[in-house]
1. Please give the peptides 299-306, 339-346 ranked by average Cβ packing (other Cβ atoms within 10 Å per residue), highest first, as a rough proxy for protection.
2. Taking the alpha-carbon distance from Lys327 and a cut-off under 26 Å, which lysines remain once sequence neighbours fewer than 8 residues away in the same chain are dropped?
3. Which of the helices in the chain, when you take each full DSSP H run, stretch at least 30 Å along the axis at their Cα atoms and have an average Kyte-Doolittle score of -1.0 or higher?
4. Compute the length gained on full extension between Ser192 and Asn37: take 0.36 nm times their separation in residues and subtract their Cα-Cα distance, giving the result in nm to one decimal.
5. Based on the Kirkwood radius over alpha-carbon pairs, what value in µm²/s does the Stokes-Einstein equation return for the translational diffusion coefficient of the stretch 213-297 at 20 °C and 1.002 mPa s?
6. When N counts the residues of the stretch 1-140, how does its alpha-carbon radius of gyration compare numerically with 2.2 N^0.38 Å, as a ratio?
7. Round to the nearest 0.05 the FRET efficiency obtained for Thr317 and Leu259 when R0 = 25 Å and r is the Cβ-Cβ distance.
8. What's the whole-number percent of alpha carbon pairs in the stretch 178-246 lying beyond 17 angstrom?
Amino acid sequence: MEEQLLHFIWHRRLFDQGSLSTTEDEPIEIVHTGIPNSDQGPDFLQARIKIGDQLWAGHVEIHIRSSAWYLHSHERDPHYNNVILHVVWKEDQPVVTANGFRIPCIELESRVDKTLLDRYHHLMNNQEWIPCASSLVQVNEVVRNSWLDRMMAERLENKTAYIQQILDRCGQHWEQAFFVAMARQLGAPANSDAMEELCIKIPWSIIRKHGDRIDQIESILFGCAGMLEKELHDPYVSRLKHEFEFLKKKYQLPVMPGLHWKFMRMRPVHFPTIRIAQLAMIIKSVSHFVTLLEEKESADPWIKRFMVRPHDAFWDTHYHFTSQSPKAIKQIGRNTAAVLVINVVAPVMFLYGKLQGKPTLKDHAVDLLQQLPAEENGIITQWRKCGWKIEDAGQTQGLLHLKKTYCEQRRCMHCAIGLQVLH
């Protein structure tokens, strides 16, 4: 027996309540099991328990063995003086509160169906892809879909928490925060931190001041990234260096060490040089990101906005500054553009709506995810094998969150699907 299971059994009344009595043979009627408490103090608050002819209102404490009361020093803690019932698997010792009250106790060991225990142990110990893989199709579809909606919301909230950190670093400047979040996503996975640091260091006001000159946007980005430090003789690179030398002095721009950037073990289309050139084009085409958020566009215009290619033909035959490569157009593909909507536009819009008191923007952020096709990756493939029909990116985001935050940690007792399996 584990304490989280005992909590669940008590809260859902999954035990035989016939002829229920305390360990001192007083009859008990459970009027209300109480409200689960995740803070300091007893496990369930505001319970109502009838013991004998007396109706008690107070708290309930749960332990596997009653002696844990003393192991946790509850007898010296006044927070536990209002405990009216001790619910245990096995009473091995009577207990009292700090004010000397002998707490009535009930044992559940002989009152719980063994089938429930077997299901729980199977969930906690099996080697399936997710704990409930073999049982998932038996769970009511309404339960699964409603829980998936919650998972999508949790995933979005988690992403907005990081956007909030970026916003704080940007001094609550929304345009800069969007710029940084977009750059971070473009740098994923290997260069996310470096892209974030680069764009935190460059004031958005300077970028926008030169927003009509793609060569100057590129020179600022590449120069501050430390990618123009070497002696390179291509005319395009020479122009960038010349522009950056002037702008660096004018604005006292910082330069990152070139070693911050990673090129090894990744596809060349993901090289930071290509991503920075693409970022420059997105900036060139959009002057005010927040204005676009408030216009509540559908997902497709955002995707088209992100599907850019580097401005200069130099990048058609280069993946970095130092050597040529066979000609290839380095355009952001539709899938990558959709990922930017999922990981940047939707969470920034959600947070903006939340902080600006505009709930319709929060709703639209969710709508954006549901407008996009389902993502395809190894995790989603496994969910499909478990029998889950997946229709859009909102659902795939929810399933990614469910797998990482609940299934991998075996938090089945906190999951509506896991609880359904246990029943």
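The values are calculated or read from the model by the stated rules, or taken from the named source; none is laboratory data. All of these numbers come straight from a predicted model, not from anything done at the bench. Please note: Cβ atoms are built from the backbone with ideal geometry, for glycine as well, and neighbour counts cover all protein chains shown. Accessible surface areas use protein heavy atoms only, side chains included; no ligands, DNA or RNA. Shrake-Rupley method; radii C 1.70, N 1.55, O 1.52, S 1.80 Å.
1. Working: 299-306: 18.2, 339-346: 23.1.
Going by the mean number of other Cβ atoms within 10 Å, highest first, we get 339-346, 299-306.
2. The qualifying lysines are Lys230, Lys241, Lys262, Lys284, Lys304.
3. Values: long enough: 141-169 (42 Å, -0.72).
For the chain, where a helix must reach 30 Å along its axis and average at least -1.0, the hits are 141-169.
4. On the way: separation 155, 0.36 × 155 = 55.80 nm, distance 3.87 nm.
Working it through step by step, the gained length comes to 51.9 nm.
5. Details: Rh = 14.3 Å.
For these conditions, the coefficient is 150 µm²/s.
6. On the way: Rg = 16.3 Å, N = 140, 2.2 N^0.38 = 14.4 Å.
Ratio of Rg to 2.2 N^0.38 Å for the stretch 1-140: 1.13.
7. Working: r = 26 Å, r/R0 = 1.03.
Given R0 = 25 Å and the Cβ-Cβ separation, E is 0.45.
8. Of all Cα-Cα distances in the stretch 178-246, 44 percent exceed 17 Å.
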